[in-house]
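Novice: Quick one: structure below, then a few questions.
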Amino acid sequence: MTSLATDAKAIWQAGVDAVDSKQLTEAAITYTQQSLQVGHQHYPLTANSRIFVIGAGKAGNGMARGVITALEGSGLPVSGWVNVPDDCVQALPNITLHGARPAGVNEPTDRGVQGTSEIISLLQQAKPTDVCICLISGGGSALLPLPMKKITLADLQYITRKLSSAGANIEQLNSVRKKLSLVKGGGLAQYAQNSRLATLIISDVLGDPMDIIASGPTVADPASIDQAIDTIDELLDADDPILQKCSNVLRGLSISQQSFAHCHTQVIGNNATAVTAAVKKAEDLGYIAESLAHVNLEGFAEDLGQQHAKKLREMKQLGGKRAYISGGEPVVKLIDETIRGKGGRNQQLVLAAIVDQLTHSPDIIRCMDHAAILSGGTDGEDGPTNAAGAFADQHLIERLQQHKPDAADHLHRNDAYTFFQLLGGLILCGPTHTNVCDLRIVLTEVEQSVVGQSEAGQ
């Protein structure tokens, strides 16, 4: 690993650390004998007040621990249930962390349905003097499943896979999932009508639309049924019997009036938070930093990889010690599963950048000289793999020349994981207990005297 790759990892880690879910949640909760402040909202307390903690998401472990720390010594009765991935389960006082899906498998399960039922049971026990704290983070859509009548869990799993494979973005995916669920699109909040409900969100969606994050279980859904139907019609096979069933159920729905007067919701961490911290770390390391935290949906990972490779070449031409830090979340349009390999959007992005660099470099073996590129999911997961993402530097290119895997073929087959596993370019950090989309780092360091020499002809 080059020093640039080491710096890239340190910068990425600084961004992840800035959205530590425990710290963000603890800072958002303040207790006095008379009241509880959750985010910006104050809740008067009585001698009979209880605290119910519920939620779902990849950051659920850290957020639950943050609540426990914030309320330590308060004497308030606390109980809770939070659905998390299996590798985030931990024994906590008074709050159950329920493994609702396997690690790296981002789809609803029977265990998720069971956990969601437990959450509803807790909410239904709450009284007007109680405060329910809902902890929501990325991955919550899959971790908080409860299909509506006439739709089975298998149906929900099937349509989720089909939409993901078709390249559906998060808005399209959630427009369907919300309408086929009893708890998404504000449905969960309706089970807490007898109490006060405060929702804290760590956002994994660009622009922080609260109705999209985890499919908005505690906020009103502005999307129409027609939008969900249009998504199915646009992206999926109209002759598929299961998809036809889902579409027909949607066409038969009517929207009932919902009340959210008892709800208050606040975003406490997002992608911009991570990007800002990463920029500061880069500057502390002596880099001239440029950044972009996307607030709108991005395109395909392959295109983003090409764009970052182009940015790398531009930075090298300018010379000096430079950093480009971006945050976002592209999508991957998956190839047919019969030839599909293993990977995730971050690995696919870096591999696309390598392929682009190889194409544009007159000296292939030195195409990443004086440069490094890294892309990683802040949750520590990238697709159905144990890696957060991948990085590339000159040492990786040297190993590429030695082992000679076909980079373009691996890219075509969505097999970036195998490629980087062979060459030692995976980011293996385990779950981070947070989730604010992806963080990408491009670094270059070129002496002014050699600017244009190594990149001549690019």
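Novice: Mind checking which aspartates and glutamates have their C-alpha under 14 Å from LYS245, skipping anything on the same chain fewer than 8 residues away?
Specialist: Qualifying aspartates and glutamates at Cα under 14 Å: ASP155, ASP233, ASP237.
Novice: May I pose another question? With the cut-off at 39 Å, report for the chain the share of all Cα pairs above it, as a whole percent. Please list the in-between numbers first.
Specialist: Values: 25883 of 104653 pairs.
The proportion of pairs with Cα distances above 39 Å equals 25 percent.
Novice: Could you tell me how many degrees, from 0 to 90 and to the nearest 10, lie between the Cα long axis of helix 394-403 and the main elongation axis, the longest principal axis, of the Cα atoms of the chain?
Specialist: 80 degrees
Novice: Under a cut-off of 26 Å between alpha-carbon atoms, report the lysines in cross-link reach of LYS22, not counting same-chain residues fewer than 8 places apart.
Specialist: Within the straight-line limit of under 26 Å, LYS22 reaches these lysines: LYS9, LYS58, LYS184, LYS280, LYS281.
Novice: Another question, then. Where a Cα-Cα gap under 20 Å defines reach, which lysines qualify for LYS333, not counting those fewer than 8 residues away within the same chain?
Specialist: In chain and number order, the partners are LYS162, LYS342.
Novice: Around LEU36, which amide H atoms from residues at least 5 apart in sequence, or from another chain, sit under 5 Å from its own amide H, with H modelled in the peptide plane?
Specialist: Under 5 Å from the amide H of LEU36: TYR43, LEU45.
Novice: Using amide H atoms built in the peptide plane, which far-off residues or other-chain residues are under 5 Å from LEU292 H to H?
Specialist: For LEU292, the qualifying residues are ILE325, SER326, GLY327.
Novice: Please list the three semi-axes, largest first and in whole Å, of the ellipsoid equivalent to region 280-349, using sqrt of 5 times the eigenvalues of its alpha carbon gyration tensor. Let's see the in-between values first.
Specialist: Working: eigenvalues 165, 36, 24 Å².
Equivalent ellipsoid semi-axes, largest first: 29, 13, 11 Å.
Novice: Once region 38-139 is represented by equal point scatterers at the alpha-carbon sites, with solvent omitted, what log10 I(q)/I(0) does the Debye formula produce at q = 0.23 Å⁻¹?
Specialist: Taken in order of the listed q values, log10 I(q)/I(0) reads -1.23.
Novice: Charges at C-beta only: +1 for Lys and Arg, -1 for Asp and Glu. How large is the resulting dipole of region 177-323 about its Cα centre, in Debye rounded to 20?
Specialist: Rounded to the nearest 20 debye, it is 620 debye.
Novice: Using the alpha-carbon atoms, what tilt in degrees (0 to 90, nearest 10) does helix 170-179 show relative to the longest principal axis of the chain?
Specialist: Around 20 degrees separate the two axes.
Novice: What is the helix-to-structure angle for 110-125, meaning the angle in degrees between its Cα long axis and the longest Cα principal axis of the chain, kept from 0 to 90 and rounded to the nearest 10?
Specialist: Tilt of helix 110-125: around 40 degrees.
Where a number appears in this text, it was derived from the coordinates with a stated rule and is not lab data. Just so it is clear, the structure is predicted and the values come from calculations on it, not from any experiment. Cβ atoms come from the backbone with ideal geometry, glycine included; neighbour counts cover every protein chain shown.
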